[in-house]
Amino acid sequence: MVYIKSNPEQTFLLPTDLRAKIAKDHICFLIEEVVNQLDFTKFNEAVVGAGNPTYHPRINMKIILNGICDRITSTRHLERQTQENIVFMYLSENLKPNFHTIAMFRKNNSELIKQCFLQTIEVAKQLDMVNFSKLYLDGIKVKANASKNKNFNEEEIKFLFQFVDKHLEKMDEVEKEELNEDSVKIPEHLTNKRKLKDKIKEVMGNMDKAKVQLEKAKEKIKTEGAKRVNLTDMDSKLMKMKRGIHYEQGYNCQLLVEDKSEIIVGNYLSDSPVDITETKPTMEKFKEEQKIDLKGVEMFQDNGYSRSKTAEYYKGEGVIAYIPDQVTTKEFHGKAGNVSEFDNDRFELDFEKNQVICPAGHRMDFVKRIVSARNKENWTNVYQTRECNDCSLQEKCAKGRSGYPYREARINPLMRKIRLRLKTKEGIEKYNKRFHKGEVAQAHIEHNLGYREFKCRSQASCENEVNLFSIAYNLKKIQIYIRKNKNIEEEYEIIINFLIPQFIVTQPERSG
């Protein structure tokens, strides 16, 4: 056995065309063609006139997207890749934008990034990869770029604000060195003194900046009624992460996935720690972006979205919903236990007459609608009958129900329709696909793309990141589809010849 011969002193002459050193089916070519189709008119108008030259936005976009596909999100690492990696050299067009340029582009160009996300959906449509008739909605919790230890309540913020005001007045009289955190007296009722001392130490570094920050926090508490505000990223909230039982400062990202190729066709970012309120804003955003209605669409979601308001919204939109409640979910997993023969679920609902038929066969009339005291958006209908007095089952059926001699049934007809739909064999088979269709996107983003924490701060900037990793995910799916179904020679011809009227304009000539 011998070693493979090598020559570290050998001089290599790289080809003038870097594409010769890159695999023909590398995703960078797909990224390039999709990005080159975007409308850069506003950017072209902005650079007209005197001033230092700037990097074309397509360069930063291509670098960031290829970085996400390669699990590289740090802008400093991306800067280094443009100097060391042939693929990044090709995408950066032999330029070397620094990390700050890349970071500012990612933070500030929401319209272009959103346009690119919609572009990937249109490309998938042209390749016949998209089916809007079946959609899966699920949420993913992404950690914010902020520590949960930077959360402060109203009293703590008030104390810090008074501290800043007091010492700003004394700055002309007292040397800054004398203002140290050990000399500050923290009131006894503010228990987390260590956290406050750390913040005071940070505040003294820049009093003016701290005052502006605290004013924003006070305004947020006043206008939004927030109990606690994170002074690093005020838009984020403390929420339970998807895995485990720990809490982190984060955002709730909703991903809408279609059935045919599992393409992400919509997304929505919020600070809500639960999914139950996220259906309507996510679907309204999807409707606006895709300019379609939802009539006849089948929606699949887990029990975290189950509530009266969601069922009401879907009824108005003509959506066929498959959203199990907690009882149905337990039944799916064989954990429902024994259900009483007089449980509400045993009462049959006559939808046409809006009446309930009890286990004894008596018809119960609608009496009133009641709203949940804990959640004002949940409601149920109350049905009653006076035939309980002569019923042989009265003792078993009405026993222990607040001393009433009759039984009342509380049923939400919209939720009951969904429940009955999920009890059919067809409904169960359809819903079971959600586990390997609807959840594939979040698993891919978390594990394959490694995207578990935002790099930016503020909800608007984090929305850009959501669109960016949605783009990367969709491009990966498109690349896999093309490899399986088309020859490599046809791969880019499909994309190049594809025109999207609402996006495409005549491309400007590349500089350099």
Candidate set from the range 193-250 (those that are closer than 15 Å to Val274 by Cα and among the aliphatic types (A, V, I, L, M)); member that is modelled with the lowest pLDDT: Ile245
Scope the range 298-320; condition more than 21 Å from the chain's Cα centre (by Cα) and in contact (Cβ under 8 Å) with a residue 60 or more places away in the chain; matching residues: Ser308, Ala311, Glu312, Lys315, Ile320
Candidate set: the range 312-356, residues that are under 24 Å from Tyr406 (Cα atoms) and among the aliphatic types (A, V, I, L, M); chosen: the one surrounded by the fewest Cβ atoms within 10 Å (Cβ to Cβ): Val339
The range 30-57 residues that are farther than 17 Å from Leu112 by Cα, paired with ones that are among the acidic types (Asp, Glu) (beta carbon under 9 Å, 6 or more apart): Leu30/Glu491
Residue in the range 331-346 that is among the aromatic types (Phe, Trp, Tyr) and modelled with pLDDT of 80 or more present: no
Test: Ile113 is crowded, with 18+ Cβ neighbours inside 10 Å, of a type outside the set (S, T, N, Q) and either within 19 Å of Ile445 (Cβ to Cβ) or free of Cβ contacts under 8 Å to residues at least 24 places away in the same chain (or both): yes
Residue satisfying condition, being among the polar types (S, T, N, Q) and in contact with a helix residue (DSSP H, G or I) (Cβ under 6 Å, 6 or more places away or on another chain), within set Asn267, Asn252: Asn267
Output for the range 119-147, where each listed residue is more than 25 Å from Gly318 (Cβ to Cβ) and touching a Leu at 6+ places or on another chain (Cβ under 9 Å): Gln119, Thr120, Val123, Ile140, Val142, Ala146
Test for Asp275: is it among the charged types (D, E, K, R) and either without any contact (Cβ under 8 Å) to a residue 24 or more places away in the chain or in contact with a Phe, Trp or Tyr (Cβ under 8 Å, 6 or more places away or on another chain) (or both): yes
Condition met for Phe159 (aromatic (Phe, Trp, Tyr), at pLDDT below 80 and in contact with a Leu (Cβ under 9 Å, 6 or more places away or on another chain)): yes
Residue count for the range 216-237, restricted to those that are on the phi > 0 side of the Ramachandran plot and surrounded by 12 or more Cβ atoms within 10 Å (Cβ to Cβ): 0
Given (1) of a type in the set (A, V, I, L, M, F, W, C); (2) crowded, with 16+ Cβ neighbours inside 10 Å; (3) at pLDDT below 90; (4) not in a strand (DSSP E or B), number of the condition Ala409 does not satisfy: (4)
Failed condition for Lys353, given (1) basic (Lys, Arg); (2) more than 22 Å from the chain's Cα centre (by Cα); (3) under 17 Å from Arg421 (Cβ atoms): (3)
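The values are calculated or read from the model by the stated rules, or taken from the named source; none is laboratory data. Quantities reported herein were computed from a predicted structural model and do not represent experimental measurements. No Cβ is skipped: glycine too gets one built from the backbone with ideal geometry, and neighbour counts run over all protein chains shown.
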